[in-house]
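Have a look at this one before I ask anything.
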Amino acid sequence: MFKYKYYWLLLLVPVIFIGWYFYSKDEAKPIRTLAYFGPKNALKVDDTTYHTVSCFFFKDQNNNKVTEQTVAGKIYVTDFFFTTCRSICPIMSTQLERVYKKFKDRNDLLIMSHTVDPETDSVPQLAEYAKLHGVSNDHWLFLTGEKKDLYQMARKSYLLNAEQGNGDSEDFIHTQNFALIDKERHIRGFYDGTDSLEINRLIVEIQVLFDEYAFKEKK
């Protein structure tokens, strides 16, 4: 009588074990990870290298040089704008203010806004624009440099513009898209910078990427 009364307890053992196994297995992985964007190169079987943002050299609103070393070990958001724009750029910069305010105290998150009009957007001009948007530290950089280099980055590295061009005087880029870049300079997301819902998604996915790195560090 006794053994039949408690027989159901024995049935629970495999159920508990299976539940523990899958719980502990999932605990070692992030709940969600972001995709990689851009062309991939297969080095060998089961070994892929993802599209990587190229090296660069620009100047920020404080006249400091900004290179790939500036973003080493950091997640960053990038866009292309110009200070005299009266259409999409003010909306984009206002949306980026939300991202800046959310993560401004994190040293491992940057925003990098590149001008597409370097002839107008001098370092002092960019400094005034930064003040206009409440930038009080070096976690949001407004960048200028050689036009051909800026346009090459937009098209070939960040994949934010598909039009052909060589960065000459007749060339012009006007895109509302943002890119999310991880610590290895891989593209992990694209977002419409004029859409508040897309910026909500960007903010969420920045945190997803931070969580992804946190899980890796635990291993």
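The values are calculated or read from the model by the stated rules, or taken from the named source; none is laboratory data. All values derive from a computational prediction rather than experimental measurement. Note that we place each Cβ from the backbone using ideal geometry, even for glycine, and neighbour counts take in every protein chain shown.
Scan the stretch 173-219 residue by residue and report those that are more than 16 Å from the chain's Cα centre (by Cα) and either of a type in the set (V, I, T) or part of a strand (DSSP E or B) (or both).
Across the stretch 173-219, the qualifying residues are I173, T175, T194.
Of everything in the stretch 36-47 that's part of a strand (DSSP E or B) and exposed (fewer than 11 other Cβ atoms within 10 Å of the Cβ), which residue is modelled with the lowest pLDDT?
K44
I would also like to ask the following. Kindly provide the set of residues from the stretch 57-84 that are surrounded by 16 or more Cβ atoms within 10 Å (Cβ to Cβ) and over 16 Å from the mean Cα position of the chain (by Cα), ordered by number.
Passing the criteria: F58, K59, D60, Q61, V66, F81, F82, T83.
For every residue, the table says whether it meets (1) surrounded by fewer than 18 Cβ atoms within 10 Å (Cβ to Cβ); (2) within 23 Å of the chain's Cα centre (by Cα).
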site: E119; (1), (2): yes, no
site: L126; (1), (2): no, yes
site: N137; (1), (2): yes, yes
site: K147; (1), (2): no, yes
site: Q152; (1), (2): yes, yes
site: S157; (1), (2): no, yes
site: Q164; (1), (2): yes, no
site: S169; (1), (2): yes, no
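Could you tell me which residue of the stretch 61-105 is nearest to V208 (Cα to Cα), considering only residues that are among the hydroxyl-bearing types (S, T, Y) and in a strand (DSSP E or B)?
Filtering first and then ranking leaves Y76.
Sticking with this one: Would you confirm whether or not the stretch 203-210 contains a residue that is closer than 21 Å to S87 by Cα and of a type outside the set (A, V, I, L, M)?
So far as the stretch 203-210 goes, no, none of its residues is closer than 21 Å to S87 by Cα and of a type outside the set (A, V, I, L, M).
Moving to a separate point now. Can you give me the number of residues within the stretch 82-109 that are more than 15 Å from A179 (Cα to Cα) and of a type in the set (S, T, Y)?
Selection size over the stretch 82-109: 4.
Determine whether N177 is closer than 12 Å to V77 by Cα and either of a type outside the set (D, E, K, R) or out of contact with any Pro (no Cβ under 7 Å at 6 or more places or on another chain) (or both).
When the stated conditions are applied, N177 passes them.
Further question on the same structure: Scan the stretch 172-200 for residues that are over 21 Å from L34 (Cβ atoms) and in contact with a helix residue (DSSP H, G or I) (Cβ under 6 Å, 6 or more places away or on another chain) and jot them down.
Answer for the stretch 172-200, where residues must be over 21 Å from L34 (Cβ atoms) and in contact with a helix residue (DSSP H, G or I) (Cβ under 6 Å, 6 or more places away or on another chain): I173, T194.
Something else: Can you find a residue that is at pLDDT 95 or above and touching a Leu at 6+ places or on another chain (Cβ under 8 Å) anywhere in the stretch 127-138?
For the stretch 127-138, residues at pLDDT 95 or above and touching a Leu at 6+ places or on another chain (Cβ under 8 Å): present.
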